[in-house]
Amino acid sequence: QGVRYWVHNNMITINGQKMGKSLGNFITLPELFSGNHPKLEQAYSPMTVRFFILQAHYRGTLDFSNEALQASEKALKRVLQAYKDLVGEPAEPLPYGELSNATAPDNCVADSPEIKAIFDGVYDALCDDLNTPVALSHIFEAVRIINSAKSGSVKLTANDRAALAQIFDDIVFGVLGLRDEAAGESGKGQEVISGLMDMVLEERAKAKAAKDWALSDAIRDHLKALGITVKDTKDGAEWTIE
């Protein structure tokens, strides 16, 4: 399908100053992705940059800063982790422009009035001149509910879970075009990584059971040095790649 609409974003600033070649303060996308620029503290992935841009209305001014990009990186991870907690590891994403079932708000299957309000709010925001920051604020409400359900403080029905999953499938992944970049790796590679992590965490669990706190902490710290964060929960250890 061809593109029917193009939207031109408003002015971009960097640390409050207009970005432009004449001022020598512009940053290209390859520089953002590699981190190879004096004003950048690190590299930022394409999905982080996309998420950062979506947090501002396209008619508004967008201000680049390391702090804002780092906050977007963490926020995107929270959104993607919530989806994994809701439905398990995400399946292969739909092609861009395709939606799962494209259920209209009037047909939202959720039993919870709060989730129905989120469903309505997301669609209303996007129909209001593509107001992505407001839509994302409702999506963060969905993330909060999923996290509350994970901790056991909120109970979700099957219909509630289906409605939340559809918000992600149709809006987060479909309309906004966000993706779990780690899931783009080969399926076999992901299986190997998951298998290795299961084995390592099993050894750590054995060390904790034997009260070998030094070994347990050493495994956790070594994984942390590799960019893997281990979090102990009531259901066992969980891990994420930072």
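The values are calculated or read from the model by the stated rules, or taken from the named source; none is laboratory data. Because the structure is predicted, anything quoted here is derived from the model rather than measured. Ideal geometry is used to build each Cβ from the backbone, glycine not excepted, and the neighbour counts take in all protein chains shown. These accessible areas exclude ligands, DNA and RNA; they are computed on the full protein's heavy atoms, side chains included. Shrake-Rupley method; radii C 1.70, N 1.55, O 1.52, S 1.80 Å.
Annotations
- Hits in region 60-70 - residues which are open to solvent by 60 Å² or more (accessible area, probe 1.4 Å) and without any contact (Cβ under 8 Å) to a residue 40 or more places away in the chain: GLU67
- Which numbered condition ILE241 fails, given (1) at pLDDT 90 or above; (2) within 28 Å of GLN42 (Cα to Cα): (1)
- Any hit, region 198-220, residues being at pLDDT below 90 and within 16 Å of ASP85 (Cα to Cα): no
- From the list GLN70, GLN42, GLN1, the one residue that fits, being at pLDDT 90 or above and among the polar types (S, T, N, Q), is GLN70.
- Looking only at region 95-116, residues that are in a loop (DSSP other than H, G, I, E, B) and either modelled with pLDDT of 85 or more or surrounded by 14 or more Cβ atoms within 10 Å (Cβ to Cβ) (or both) come to 7 in all.
- Tabulated pairs, region 223-239, first farther than 16 Å from ARG78 by Cα, second hydrophobic (A, V, I, L, M, F, W, C) and open to solvent by less than 60 Å² (accessible area, probe 1.4 Å), C-beta under 6 angstrom, 6+ apart or interchain: LEU223/VAL230; ALA237/LEU201; ALA237/VAL230
- All positions within region 15-59 that are part of a loop (DSSP other than H, G, I, E, B), open to solvent by less than 30 Å² (accessible area, probe 1.4 Å) and free of Cβ contacts under 8 Å to residues at least 60 places away in the same chain: GLY20, ASN25, ILE27, GLY35, HIS37, LEU40, TYR44
- Region 116-140 residues that are over 24 Å from HIS8 (Cβ atoms), paired with ones that are open to solvent by 60 Å² or more (accessible area, probe 1.4 Å) (beta carbon under 6 Å, 6 or more apart): ILE118/GLU141
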